[in-house]
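The structure appears right after this line, and notes come after that.
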Amino acid sequence: MSDDKYIPVSCAHHSEYELAIMHRQLLNITWQDEQEKTQHASLMPYDLLTEQNCEYLLAKDSSGENKKIRLDKIIEAYPITNE
């Protein structure tokens, strides 16, 4: 297994997640899960959490399942627009 030390994300990325939560903005997110597999999903973020010196994005998928994604494991996240 690779070194799993948390790497803090930039303030800009953190702010983007906070804004998405505040505006109830659906996000397309690509991340690496605990098994180091790449995952893709459209998620509704609802909170940020700090736990054991790591930061996480809490979100729900379209079926209502909760996701807890470590911020430094997010590869890409962008808002879904209706345009």
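Output the 0 to 90 degree angle, nearest 10, between the alpha-carbon long axis of helix 11-22 and the longest principal axis computed from the alpha carbons of the chain.
40
Count of lysine pairs in the chain with Cα atoms under 16 Å apart, counting only pairs 8 or more residues apart in sequence or on different chains?
Qualifying lysine pairs in the chain: 5.
What list of ³J(HN,Hα) couplings, whole Hz, do you get for segment 71-81 from phi and the Karplus terms 6.51, -1.76, 1.60, once you set θ to phi - 60° and write x for glycine and proline?
Karplus-based 3J(HN,Hα) across segment 71-81 equals 4, 6, 9, 6, 8, 7, 8, 8, x, 8, 10 Hz.
Where in segment 66-83 does the label zone of TYR6 land, with the point 7 angstrom along Cα→C-beta and an amide N cut-off under 16 Å?
Under 16 Å, as judged by backbone N against the label point of TYR6, lie 68-74 of segment 66-83.
Mind giving me the FRET efficiency for GLN35 and HIS13? R0 is 22 Å, r the Cβ-Cβ distance, nearest 0.05 is fine.
After rounding to 0.05, the efficiency reads 0.40.
Which value in nm describes the separation of the simple spin-label points at ARG24 and ASN66, placed 7 Å from the Cα toward the beta carbon?
Going from the ARG24 label point to the ASN66 one covers 2.0 nm.
For the chain, what Kirkwood radius comes out of the mean inverse Cα-Cα distance, in Å?
13.0
No lab work stands behind these numbers, since they all come straight from the coordinates. This structure is a prediction, so every number in the text was calculated from the model and none was measured. In this analysis, Cβ positions are derived from the backbone assuming ideal geometry, glycine residues included, and neighbour counts consider all displayed protein chains.
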